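Written below as structure tokens is the structure these notes are about.
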Amino acid sequence: MRITTLSLLPTITYLFYSSVYAQLELDQDPKLDRYCGFNWLEANTYCRTACPSGLDGDCPVSPSGREQSCFQGAGCFNRMETLSWTGVVAILFDADEHMKNHQVTVTTSTTASGSGNDNEDNTAANDVTPTAALMNKKQETALEQTLISTLQSLLNEKLYLASLEVKTQSYDRPCVEAVFPAVWERGDPSKLALDVTMRMTARYIPNSFTVYTDSDLGDVFISGLGKAQAATVSNLKNANPFFNAMTGIAAVPEEDLAESPSAMPSSSPTRDFDQVFQTKIDPTPTGSNGIIFSIKTPKGAPSVLIMGMKFITNFEGVLEYEVYSKLGSWKNFVGRTSDFDLIASGQVTGKGPKTWVDIIQGDHTGTIADGNETSTVNYVGWKNVHVLGDGGERSFYFTTTKTFLNEDRTAIPILFSSPLDSEAETLRQYGMVSTNNELELYEGDGVLDYPWPTDPNGKSPYYRRPRGPIIAFNYDRAPSASSGVPNVNFTGWPCPYVQRTRIPTRNPTRKPTKTPTRPPTRQPTWKPTLEPTFTPTAAIASNATKIANMTIDNNQSDEIQGQERPADTDTSSPSKDGSGATSTIFVASKWHSTLFVSLLLAFT
């Protein structure tokens, strides 16, 4: 074992760095304060990898092949923060084999009553039910220690697992089965699941890139257990015979459980068209100037419209960003900005490595100070872009500029994740970071400079690959499903336009009425009188005198009926009544006389 000895200068520097972190003395247990680094200052500053054994061999080798050393008294342990998480670890067994070796009987008393006769005595009967045995204290300890040792080897650079304690245990809890993936087939009668509630505590050292929460601890535990599935099962079988029939192990957060779930929702809920696609925030990210990556739609999925974006940076100050995009793959287009469209730019304030920052939606202006002078810059608000359905692809290049820098004059980084497959480092092998029903997000390349340089042969030192974007998108999952045009599954672009119309009314709207609506009255409505109802006045007689020439001899009346009227003849003969008033009678024909007098009386 070789432990690097601190010279006087590092010791003085240690005291300086320790004062920064309120760490003035070495820890009581030196094994807990040994950390890796290229030098002592780096080990003290970042505290990334613990090496409790004190061996340099426990320290990782950098991608460039440079070896690190293990330093004692790194001043890290007292800066540790404690996290806690409670979850349910499900241990799956082959039911028959486990029951054969670890079975107990449960006896319950029941009362058997007679036929109802009050004189008959009630008799007690015992029901004996076989069931699987729970873990005893020794077996619980074996589980706790095995999980800690197995998982710690995977989490060396992230967390120090301090304790793992069994709280409760029972077989086949329905609420746990409800949240487990169907692939586990927990409902299979040939399987038995021991659901163990466990509380875990861990310690870690925050730095500029690494900040954890309690839920992050659970995510790391669940993920690590999944990766170490086979090793954990094997180690538990070797640790205690109780686990000999074990076939699998997994965990879920306790907060995901509902002890009394309803059988079914009352109705099938619908999803809004506006959705959010968001990756998990990596608690141990890396970062650089920018990142180039792509998103796709799954096979058979509709086209979507990307309407906004969020990102993460560990910087907490003003920064300037640019977002470029193009349809199709970004490969073979690295560094060729002219082949991309600028869809957003602006100034925002970073909020640290655990808080999303929104790309600004509307066009806006910002100010840039250059010495004593200040200039105004116009920026482009987010422009919506589409991704074709049925496997369509769109690429994004997102970067910070050099307008604003860190205090040490280095670039402000956009944070992203390390490769999903550690063996793919430096290779152009890009895995899927996250997916849902409408989108798939893939790894890309981290860009270490601005503006981004070309990389025709994949050997540029300004790129790190593959890297996973830590990103969030706002999107419309069915942009073609506009009002009145239900194209929810449309996979093309642009969306088809259908002119909106109204449903025509039926013509006529009701059975037409008959015309006329009622029988017409006969004309005239009354019969004329045969004689005047009163003696005409002098005025009437005077008027009658003027048309006396139109009278016709009564003897000729029968001959001219139905013919045109002859010329006027003066056949009138005046007479005087007793009063001296003149009265004239006109005779044209038998019917003329009556009609003429009636009309004369009516209009006089």
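The values are calculated or read from the model by the stated rules, or taken from the named source; none is laboratory data. Here the structure is a predicted model, which means the values were calculated and not measured. Here Cβ is always computed from backbone atoms with ideal geometry, including for glycine, and neighbour counts include all displayed protein chains. Just so you know, the surface numbers come from the protein's heavy atoms only, side chains and all, with ligands and any DNA or RNA stripped out. Shrake-Rupley method; radii C 1.70, N 1.55, O 1.52, S 1.80 Å.
Descriptive notes on the structure:
- With the simple model of a label 7 Å out from the Cα in the direction of the Cβ, Arg409 to Asp363 spans 3.7 nm.
- Listed pairs Lys299/Lys351; Lys227/Lys299; Lys237/Lys354 exceeding 30 Å between Cα atoms: Lys299/Lys351; Lys237/Lys354
- Estimated inter-spin distance, Ile148 and Gln103, nm [label 7 Å along Cα→Cβ]: 3.6 nm
- Anisotropy class of the stretch 389-430 from Cα gyration tensor, a/c 1.5 cut: oblate
- Counting only heavy atoms of the protein chains and using a 1.4 Å probe, Leu32 has close to 50 Å² of accessible surface.
- Label-to-label distance, Lys383 versus Ser62, with points set 7 angstrom from Cα along the beta-carbon direction: 4.1 nm.
- With a Förster radius of 22 Å applied to the C-beta separation of Leu32 and Glu165, the computed FRET efficiency comes to 0.65.
- If a spin label sat at a point 7 angstrom from the Cα of Ala178 along the line to its beta carbon, the backbone N atoms of the stretch 58-92 nearer than 17 Å would be those of 88.
- Highest average first, the peptides 215-226, 303-314 ordered by how many other beta carbon atoms sit within 10 Å of their residues are 303-314, 215-226.
- Burial ranking of peptide ranges 274-280, 296-302, 133-139 (average Cβ count within 10 Å, highest at the top): 296-302, 274-280, 133-139
- A DSSP coil position with no more than 10 other Cβ atoms inside 10 Å describes the following GluC sites (Glu not before Pro) in the stretch 370-435: Glu407.
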